[in-house]
Amino acid sequence: MINVAAIQMVSTTTVNENLNIAQKIIAEAVSKNAKFITLPENFPLMARQNNDYQAIIEKFGDGPLQFFLSEQSKQHHIWLLGGTIPLESDKSDKALAASLLYNSEGECVASYEKIHLFDVLVNELNDESYNESNIFEPGDELVVAQTEVGNIGLSVCYDLRFPELYRKMHDDDVQIITAPSAFTATTGEVHWETLLRARAIENLCYVIASNQGGMHENERETWGHSMIVDPWGKILACVDRGPGVAIAAIDLDKQIKLRNNFPALSHIK
């Protein structure tokens, strides 16, 4: 068994402030013996306008955001998933929304670029809409990291609505699904828990979902309810709203027994 943690934030428009908050909550999770910790999507910045993200884009392997993640994992000797940060893409006016996984030595061992971008009209009445493709270039590569923590399938937020993505992860024997998010309050209230529990149940996987959770300085409201779900769909831990951390123990041996006793994955046609 291993303790894992999903950190929830209400990220601001100031990078240094967000890093300080993340550092404190990481330390709190470590004090509770968490060995694998995840941060939410856009943890270093909830921008007021698109070019705010352009100002903090980093080249893979270099930059203060990646240095922060590396130092935190190394200092605490933990595995750390860096939510998402903007990395350079092939297009000068676009970034990749990258979820980076660091081992306990501070080494980046996996990078996933968000495949499904959130281009939607959420609420026609108040014109709540999002167009991530104005900022980001979609990734195109599925990632399952083979680690001492388990086989970790990486995904981000809107990816949760595409179950075929997770089915493909079984080619690499996925055991844990991560889904750092900035889920809107509007969609989160009706869909967040359902999507997380569905992805856990249908894949017989643990799901660790760090979310943004509150009213942000850019007037965007996110749903929160960061949670850890077991392969049977049971919510093991949850943070409702505001900054905090959900911590639970996961048992991969128990997961193997469950998959043997309830072999739905082998029944896929």
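Please treat every number below as a calculation from the coordinates, not as lab data. Computed from a predicted structure; not experimentally measured. Here the Cβ positions follow ideal geometry from the backbone for every residue, glycine too, while neighbour counts run over all protein chains shown.
Between the Cα long axis of helix 64-76 and the first principal axis of the chain there is an angle of about 40°, rounded to the nearest 10.
The tail of the calculated P(r) for the range 166-227, taken as Cα-Cα distances beyond 14 Å, holds 56 percent of the pairs. Kirkwood Rh and Cα-based Rg: tell me the resulting Rg over Rh for the range 81-167, rounded to two decimals. Taking Rh as the inverse mean 1/r over Cα pairs, Rg/Rh reads 1.03.
Measuring against 20 Å, Cα to Cα, the residue pairs Lys234/Lys257; Lys91/Lys114; Lys35/Lys74; Lys35/Lys114; Lys168/Lys269; Lys32/Lys114 contain Lys35/Lys114; Lys32/Lys114 as the ones spanning a longer distance. Axis of helix 15-31 versus longest Cα principal axis of the chain: the two differ by about 20°, to the nearest ten degrees.
Approximating the spin labels as points 7 Å out from Cα along Cα→Cβ, the Asp127-to-Glu164 distance works out to 3.5 nm.
Each Lys and Arg contributes +1 and each Asp and Glu -1, all at the Cβ; summed about the Cα centre of the range 2-267, the dipole is approximately 900 debye. Loop-located trypsin sites (Lys or Arg not before Pro) in the range 35-71 (DSSP state not H, G, I, E or B) with no more than 12 neighbouring Cβ atoms inside 10 Å: Lys59. In the chain, the sites counted are GluC sites (Glu not before Pro) in DSSP loop states with at most 14 other Cβ atoms within 10 Å, and the longest stretch holding none of them, exclusive of the sites, is 1-104.
Loop-located trypsin sites (Lys or Arg not before Pro) across the range 83-150 with a Cβ neighbour count of 10 or fewer within 10 Å are Lys91, with loop assigned by DSSP.
Other residues whose C-beta falls under 13 angstrom from the C-beta of Asn134 contribute a net charge of -3, scoring Lys and Arg +1 and Asp and Glu -1. On the principal axes of its alpha-carbon atoms, the range 70-111 has extents of 36, 14, 12 Å, going from largest to smallest. Stokes-Einstein at 25 °C, 0.890 mPa s, Kirkwood radius from Cα pairs: D for the chain in µm² s⁻¹? Answer from the Stokes-Einstein relation: 134 µm²/s. Once both axes come from the Cα atoms, what is the angle between helix 252-261 and the longest principal axis of the chain, in degrees from 0 to 90, rounded to 10? Between helix and principal axis, roughly 60 degrees. Beta bridges assigned by DSSP with both partners in the range 2-267 are antiparallel in approximately 70 percent of cases.
Multiplying the residue separation of Val109 and Val190 by 0.36 nm and subtracting their alpha-carbon distance yields 25.7 nm. Taking amide H as placed 1.01 Å from N in the peptide plane, the amide H of Ala248 sits under 5 Å from that of Val4, each at least 5 places away or on another chain. Over the range 28-142, the alpha carbon radius of gyration divided by the compact-protein estimate 2.2 N^0.38 Å works out to 1.15. Among Ile250, Ile228, the ranking by other beta carbons within 10 Å of each residue's beta carbon, starting with the fewest, stands as Ile250, Ile228. Taking the helices alone, the chain has a mean residue ellipticity at 222 nm of -7000 deg cm²/dmol, built from -39,500 (n - 2.57) per DSSP H run of at least 4 residues and averaged over all its residues. Charged neighbours of Glu202, selected by a Cβ distance under 14 Å, balance to +4 (K, R count +1; D, E count -1).
Once you reduce the range 229-261 and the range 190-216 to the center of their Cα atoms, the two points are 11 Å from each other.
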